[in-house]
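Inspection log for the structure reproduced underneath, given as structure tokens.
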Amino acid sequence: MGAWLPAVLLSAVFAICIMPLIPLLASWGQVEGELWSHLWQTELPELFSNTLILIALVGSASFILGVSLAWLVVMYDFPGRSILQWGLMLPLAIPPYILAFVLLGFTDFGGPLQQFLFSIGLGIEWLPDMRNPLGVGLVFTLSLYPYVYLLMRSALQRKGRSSYESARTLGYSKAAAFWRLVIPLTRPAWVAGLALVLMETLADFGAVSIFNYNTFTTAVYKSWYGFYSHGTAAQLACLLLLFVSMAVIAEKWGRGKGRYEQSGAALKQYRQRLTGLWGVLAQVGAWSVFVLGFILPVTQLLYWVVSSFDQHTEGTIDLLLNTVLLAILAATITLLVASIMVWAQRQKQTKSRSFMIEFSQLGYAMPGTVLAVGIMMALNGIDSWIADIMDDQSQWLATGLFALLLAYVIRFLRIGYGPLASSMGQIKPSVVETAGILGAGKRERLFRVYIPLLRPGVFTALLLVFVEVMKEMPATLILRTYGWDTLAVRIYELSAEGQWELTSLPAIMLVAVGVIPVILLIKKSDL
């Protein structure tokens with residue numbers, strides 16, 4: 001097999017992954033002045049302010065919640081800590097768009113909260129109004145703070161705790177040791193977690209739609225289907241990419257060259273026992289987050305499923321089969337593409353290959369609506385070019401499952417590449433060379449060395465991509481073809497109509513699937 005093949009295949013992957021960006025950038029060559037004037041006078045100021053307010057609320061709240069909860073479970077001991085240390089990760093299993101309609105259904109007029117208030121003699125004036133920026137921010141914070149919590153907890157276990165105790169020994173106050181030493185030392189961890197929170201917030205379409213909270217993701221969708229202006233949708237998508245790029249740059253800056261020494265001693269160190277008022281406050285605060293972020297949504301969904309089970313149609317099974325089939329196809333293709341990237345990097349490490357590998361994974365930072373618009377415009381152009389050559393006006397690429405699967409692969413390639421590259425990095429060249437010296441040919445080395453050692457990474461990559469595809473909503477809404485609705489699409493359609501109870505069955509299915517990768521994260525976090 002020629003040495004040129006890995007480079008050719010990697011170049012093809014790179015070209016495909018950057019393809020959606022080309023029509024987005026090219027769209028600025030033709031600007032619809034009247035439509036932009038209308039948007040500037042009516043929607044753009046609101047879009048900018050809503051987006052900035054949302055990322056400010058979610059970012060600050062996720063930082064405070066994630067860091068404080070991580071500090072609490074690492075540094076202190078209190079009743080319920082053994083449950084909360086892993087339970088606080090479980091809200092990751094609930095997508096923001098599911099938590100959004102659950103909280104609205106729970107707090108709205110006629111919901112369980114109102115019934116409870118009436119039972120204790122209180123009226124509807126006590127009902128909280130969730131349809132505002134604070135309500136939207138609460139949903140995203142409860143769903144996404146575990147990114148900060150998980151990474152911060154790991155960093156504190158490895159080095160932050162010992163640094164804090166050393167500072168205290170040198171005479172620093174508790175506050176000074178925390179803010180002047182622990183927070184700077186753990187900056188790569190909490191900045192990386194915060195960047196993930198902000199990217200997920202900016203990429204969301206379902207939750208903000210349910211709250212009728214206009215952001216750039218909803219504006220892109222409305223421009224595509226409301227104004228029927230693909231160029232304006234692409235230009236709005238570019239503006240949204242600016243916000244996402246800021247989150248990516250912040251993560252790179254915060255991570256820098258930070259490294260943490262691996263140490264298992266931190267878990268065995270003494271934790272201060274919280275008793276009295278502080279112990280009560282710690283339990284109330286941590287359990288409140290766990291209940292609001294996981295227990296309450298799951299309980300409410302199960303209640304709705306049981307109370308309205310006879311109203312659910314058989315179509316839910318068809319949606320589940322569509323979702324599973326798409327997820328299997330996308331996960332398999334993504335793994336093959338990721339394998340090409342890992343193989344090319346293993347064969348020869350050069351700056352050009354490293355650049356192509358890194359840039360090919362930027363799709364994860366692209367919101368689903370942005371990616372869908374870019375893919376649709378690119379494939380429409382290719383279809384038109386093919387039609388001119390073959391005199392056939394059929395839109396083969398843009399109207400079939402190819403476009404949707406392509407979006408999944410580009411969007412989740414980073415998730416598939418990470419575990420595979422990690423497993424490949426653990427295979428030392430000396431092991432392969434030893435097998436060759438002992439007489440093993442290329443085929444035997446593949447099946448007896450590489451495949452067994454890569455199996456854990458392959459399994460993890462397949463599972464993570466499978467689950468992410470099942471939950472993906474915005475790209476599916478735009479690119480799905482007739483007859484290929486998914487559970488996420490059904491959730492969006494029913495929740496948009498306020499049919500909370502009918503939305504519960506597909507939602508609980510997605511939550512059950514979403515628990516799987518969270519369990520993997522729990523096992524890998526040395527709990």
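The values are calculated or read from the model by the stated rules, or taken from the named source; none is laboratory data. It should be emphasised that the depicted structure is a prediction, and the values quoted were computed from it without experimental measurement. When we count neighbours, we look across all protein chains shown, and the Cβ atoms used for this are built from the backbone with ideal geometry, even at glycine.
Summary of computed values
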{"item": "Residue in the stretch 43-55 that is among the hydroxyl-bearing types (Ser, Thr, Tyr) and either within 30 Å of ILE183 (Cα to Cα) or surrounded by fewer than 20 Cβ atoms within 10 Å (Cβ to Cβ) (or both) present", "result": "yes"}
{"item": "All helices (runs of 4 or more DSSP H) inside the stretch 143-260 with 1 or more residues being modelled with pLDDT under 85 and farther than 30 Å from ILE519 by Cβ", "result": "161-169, 174-177, 216-225, 230-255"}
{"item": "Among (1) out of contact with any Pro (no Cβ under 8 Å at 6 or more places or on another chain); (2) among the hydrophobic types (A, V, I, L, M, F, W, C); (3) in contact (Cβ under 8 Å) with a residue 60 or more places away in the chain - the single one PHE118 does not satisfy", "result": "(3)"}
{"item": "Lone qualifier among VAL102, VAL73 - being in contact with a Pro (Cβ under 9 Å, 6 or more places away or on another chain) and crowded, with 20+ Cβ neighbours inside 10 Å", "result": "VAL102"}
{"item": "Which numbered condition LYS348 fails, given (1) surrounded by fewer than 18 Cβ atoms within 10 Å (Cβ to Cβ); (2) basic (Lys, Arg); (3) under 26 Å from ALA192 (Cβ atoms)", "result": "(3)"}
{"item": "Checking ARG271 against (1) surrounded by 14 or more Cβ atoms within 10 Å (Cβ to Cβ); (2) in contact with an Asp or Glu (Cβ under 8 Å, 6 or more places away or on another chain); (3) modelled with pLDDT of 75 or more; (4) under 23 Å from VAL67 (Cβ atoms), the condition it does not meet", "result": "(3)"}
{"item": "Whichever residue in the stretch 452-500 is among the β-branched types (Val, Ile, Thr) and under 16 Å from VAL208 (Cα atoms) and, among such residues, is surrounded by the fewest Cβ atoms within 10 Å (Cβ to Cβ)", "result": "VAL489"}
{"item": "Subset of the stretch 98-152 [over 21 Å from the mean Cα position of the chain (by Cα), polar (S, T, N, Q) and more than 14 Å from PRO297 (Cα to Cα)]", "result": "GLN114, GLN115, SER119, ASN132"}
{"item": "Residues of the stretch 305-355 satisfying the condition of being part of a loop (DSSP other than H, G, I, E, B) and touching a helix residue (DSSP H, G or I) at 6+ places or on another chain (Cβ under 8 Å)", "result": "SER308, HIS312, LYS348"}
{"item": "Flag for ALA378 being within 22 Å of LEU479 (Cβ to Cβ) and in contact with a Phe, Trp or Tyr (Cβ under 9 Å, 6 or more places away or on another chain)", "result": "no"}
{"item": "Positions within the stretch 192-212 being surrounded by fewer than 22 Cβ atoms within 10 Å (Cβ to Cβ) and either basic (Lys, Arg) or more than 22 Å from LEU487 (Cα to Cα) (or both), in sequence order", "result": "ALA192, LEU196"}
{"item": "Conditions (1) modelled with pLDDT of 85 or more; (2) in contact with a Gly (Cβ under 8 Å, 6 or more places away or on another chain): number failed by PRO297", "result": "(2)"}
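Conditions (1) at pLDDT 75 or above; (2) under 21 Å from the mean Cα position of the chain (by Cα), marked per residue:
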residue: ALA421; (1), (2): yes, yes
residue: VAL431; (1), (2): no, no
residue: ILE437; (1), (2): no, no
residue: PRO452; (1), (2): no, no
residue: GLU468; (1), (2): yes, yes
residue: PRO474; (1), (2): yes, yes
residue: GLY498; (1), (2): yes, no
